[in-house]
Amino acid sequence: MKISVIGTGYVGSVTGAGLADLGHHIIFVGRDQKKLDLIQSGKSPIFEKGLDELLAKNRDRISTSTDMVSAIRESELCFICVGTPSNADGSIDLQQVRDVSVSIGKGLDSDDQYHTIVVKSTVFPGTTEGLVIPVIERESGKTAGIDWGIASNPEFLKEGCAIEDFFQADRVIIGTNDQKSRHIMESIYEPLKVPIYTTSIRTAEMIKYASNAFLATKISYANEIGNLCKRLDIDTRDVFTGVGMDHRIGPDFFRSGIGFGGSCFPKDVRALIAGARSVGIDLSILASVLKVNESQPLRMLSFLHAKIPALHGKTIGVLGLAFKPDTDDIRESRAIPVIDSLIREGAEVVAYDPMAMDNFRGLYPNIRYAKTAEEVLSSDAVLIITEWPEFENIDYTGTVVIDGRRVDAAERSAGWYQGVCW
Ligand code: UGA
């Protein structure tokens, strides 16, 4: 099948490469010609393990375009994978979704074949029916469910293992109200041999938010219990190993520490709270999830003060800047509030990350960046923000370490060691 994928960010490029590998012809549509050129030459526009190989392998089934209207006309199925960034009040900015819907409507205008539009961007429940469908109907003069199809197909990919998550998904969620689109979507995902759950459009949209918000809740819960465990001298990791053995609870996403960052959990929880507020519902559990997540990284500072009361003029090392290992992504990284506090208190910051230093330099050009992790160890104290595997291969002897992620080598060998929740 000929499929257009609008948006060449993380969701679009992984989805498009995955669908190309399933044998479809993909037209990647974007505004940034440089990114499109990279894709066309079989290279990934983002850092994601295995994506270069997947794009290169399927190069002859991949084309690119900046012309959305023609791409729609040329394809039978179209995935909307554009960003939905946060507004100041936590709600999501739908400008890109709106713009794309206008172009899709124009593309459908002169198109005779049945075309299904799939919303993969994370949008608040009701957005597809309240915004995407009316805009496309207005621009095309054609009726959804009769002249063209529409589906919601949220993504559950994790950065760093997105390819694996695409091919071995726990489930594929398809939200659609028309049979034809349902059959097309099921046939697209059938070769993956993973569970497919078909539901209404707004239910599918809600499944995405409810999933991310629950995972974020698990993390904040593990962090709160972790804070208590530390005070009571109980090993929180052992506690959650035992808790996770209950199949009703499960072992994943119970790693306590300095909380969640990235482009999804903080944004999605905020959007769910803001969207609920706009219809008069107060999501107080999720408000607390965010509150715990904001205070958790600052616990590092209180442990640091216990060892070094005045930070002015002291050199403080930071190991890890990415929001998690195996990515260069620094969006909402826990390193940001920690480094802000260190700078405010007059410390000299020297940071190291195997992959994210270039991105971080854009935000913080004035801190010092080390060439190796070892170089950071000579600081007055070292804060571990991201659990990169290579940080397990360091000898921390003689170093003051405050660990936000539980790096065993640091716990074993540091001169003075405090874990955030253990
Ligand atoms: C998350 C979800 O896991 C994906 O299912 C979803 O598709 C994606 O958001 C999205 O909505 O696009 P991602 O943000 O890539 O994926 O990364 P995660 O592995 O979920 O980690 C998020 C944050 O939680 C990281 O900062 C990580 O350090 C933190 N975390 C994770 C913990 O603090 N403890 C844990 O036990 C797990």
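The values are calculated or read from the model by the stated rules, or taken from the named source; none is laboratory data. Since the structure is predicted, the reported quantities are computational estimates derived from the model, not experimental observations. With ideal geometry, Cβ positions are generated from the backbone for all residues, glycine too; neighbour counts draw on all protein chains shown. Only protein heavy atoms, including side chains, enter the accessible area calculation; ligands, DNA and RNA are left aside. Shrake-Rupley method; radii C 1.70, N 1.55, O 1.52, S 1.80 Å.
What the table below lists for this structure:
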read-out: Some residue of the stretch 178-187 being in contact (Cβ under 8 Å) with a residue 24 or more places away in the chain, within 18 Å of the chain's Cα centre (by Cα) and either surrounded by 16 or more Cβ atoms within 10 Å (Cβ to Cβ) or not in a helix (DSSP H, G or I) (or both); value: no
read-out: Residue list for the stretch 394-407, filter: within 16 Å of the ligand (Cβ to nearest atom) and open to solvent by 10 Å² or more (accessible area, probe 1.4 Å); value: ARG405, ARG406
read-out: Qualifying positions in the stretch 25-59 - of a type in the set (Val, Ile, Thr) and in contact with a strand residue (DSSP E or B) (Cβ under 6 Å, 6 or more places away or on another chain); value: ILE26, ILE27, VAL29, ILE39
read-out: Of all residues making up the stretch 241-266, the number that are more than 30 Å from ASP93 (Cα to Cα), open to solvent by 10 Å² or more (accessible area, probe 1.4 Å) and either within 9 Å of the ligand (Cβ to nearest atom) or touching a residue at least 24 places away in the same chain (Cβ under 8 Å) (or both); value: 4
read-out: Filtered residues of the stretch 208-225 (kept if within 24 Å of the chain's Cα centre (by Cα) and not hydroxyl-bearing (Ser, Thr, Tyr)); value: LYS208, ALA210, ASN212, ALA213, PHE214, LEU215, ALA216, LYS218, ILE219, ALA222, ASN223, GLU224
read-out: Tally of residues being in contact with a Cys (Cβ under 8 Å, 6 or more places away or on another chain) and among the polar types (S, T, N, Q) across the stretch 254-280; value: 1
read-out: Any hit, the stretch 216-229, residues being away from the ligand (no atom under 16 Å from the Cβ), of a type in the set (A, V, I, L, M) and under 30 Å from SER256 (Cα atoms); value: yes
read-out: Selected residue (only one of VAL5, VAL14, VAL82 is within 24 Å of the chain's Cα centre (by Cα), assigned to a loop (DSSP other than H, G, I, E, B) and at pLDDT 95 or above); value: VAL82
read-out: Residues that are aliphatic (A, V, I, L, M) and without any contact (Cβ under 8 Å) to a residue 60 or more places away in the chain, drawn from the stretch 359-401; value: LEU363, ILE367, ALA370, ALA373, VAL376, ILE394, VAL401
read-out: Those residues of the stretch 86-100 which are within 13 Å of VAL119 (Cα to Cα), in a loop (DSSP other than H, G, I, E, B) and touching a Gly at 6+ places or on another chain (Cβ under 9 Å), in sequence order; value: none
read-out: Failed condition for THR127, given (1) under 24 Å from the mean Cα position of the chain (by Cα); (2) closer than 27 Å to LEU22 by Cα; (3) in the same structural domain as LEU22 (by TED's automatic domain parsing); value: (2)
read-out: Contacts under 9 angstrom Cβ, first residue in the stretch 19-35 being without any contact (Cβ under 8 Å) to a residue 12 or more places away in the chain, partner open to solvent by less than 40 Å² (accessible area, probe 1.4 Å), 6 or more apart; value: LYS34/PRO45
read-out: Output for the stretch 17-44, where each listed residue is farther than 21 Å from SER121 by Cβ, open to solvent by less than 50 Å² (accessible area, probe 1.4 Å) and assigned to a helix (DSSP H, G or I); value: ASP21
read-out: Failed item in (1) open to solvent by 30 Å² or more (accessible area, probe 1.4 Å); (2) in a helix (DSSP H, G or I); (3) aromatic (Phe, Trp, Tyr), with PHE391 passing the rest; value: (1)
read-out: Residues satisfying the stated conditions in the stretch 188-199, i.e. outside any helix (DSSP H, G or I) and exposed (fewer than 15 other Cβ atoms within 10 Å of the Cβ); value: LYS193, VAL194, PRO195, TYR197
read-out: Segments classed as strands (runs of 3 or more DSSP E), wholly inside the stretch 101-176, with at least 3 members that are open to solvent by 20 Å² or more (accessible area, probe 1.4 Å); value: none
read-out: Lone unmet requirement of (1) of a type outside the set (Phe, Trp, Tyr); (2) outside the structural domain of GLU48 (by TED's automatic domain parsing); (3) within 9 Å of the ligand (Cβ to nearest atom) for ALA162; value: (2)
read-out: Wholly enclosed strands (runs of 3 or more DSSP E) of the stretch 267-384 bearing at least 3 residues buried (at least 19 other Cβ atoms within 10 Å of the Cβ) and not assigned by TED's automatic domain parsing to the domain that holds GLY415; value: none
